[in-house]
Amino acid sequence: MTAARYARPLDAVDELSATRSATGWTLTISKTVRRTDAYMSGHFPGLILYPAVFLLETVRQSVTRTVETGPDGWWEIDTIRRLRLRRPMHEGHRLELEVTLTPTGQGGSLAASVAVRHGAEPVADLSLTLAPGET
């Protein structure tokens, strides 16, 4: 796979595993919220919160690392269908994302259903569509 295309210095994935089936992919992702991550500097000083937009980037980076789109390919978020935040994501929280990807049949797009947890607590759920990025 080619070099990842994403917003440096945001490395939004600590661990990633993927399983492919006849109907799509299942990704299991983890990300620990750290005060020392370069992109967190100045973000709510005194109260470290993982911004919800970074959840989107976590999904995008994981899909780009897993699902081929071509020799120079990457994935972009096309549509956010639903994003529901249930709890804040604080420093030290280890976020576990379970992503189910299924092809939409429209121009190579993928539909993603995402559940985010910290331990047994639901943190967020989202549904979005990803499309191949343009070179």
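The values are calculated or read from the model by the stated rules, or taken from the named source; none is laboratory data. Worth saying up front: this structure is predicted, and the values here are computed from it rather than measured. All Cβ positions, glycine included, derive from the backbone under ideal geometry; neighbour counts span all protein chains shown. Surface accessibility is based on the protein's heavy atoms, side chains included, excluding ligands, DNA and RNA. Shrake-Rupley method; radii C 1.70, N 1.55, O 1.52, S 1.80 Å.
Things to note:
- Tallying residues that are outside any strand (DSSP E or B) and either among the basic types (Lys, Arg) or in contact with a His (Cβ under 9 Å, 6 or more places away or on another chain) (or both) within the range 116-135 yields 1.
- Residue check: ARG82 meets all listed conditions (1) closer than 26 Å to ALA120 by Cα; (2) part of a strand (DSSP E or B); (3) open to solvent by less than 80 Å² (accessible area, probe 1.4 Å) but one, namely (3).
- Residue count for the range 97-115 under the criterion of being part of a strand (DSSP E or B), open to solvent by less than 50 Å² (accessible area, probe 1.4 Å) and either free of Cβ contacts under 8 Å to residues at least 40 places away in the same chain or farther than 9 Å from THR129 by Cβ (or both): the result is 6.
- Unmet requirement for VAL123, which otherwise passes all of (1) in contact with an Asp or Glu (Cβ under 8 Å, 6 or more places away or on another chain); (2) open to solvent by less than 20 Å² (accessible area, probe 1.4 Å); (3) of a type outside the set (Phe, Trp, Tyr): (1)
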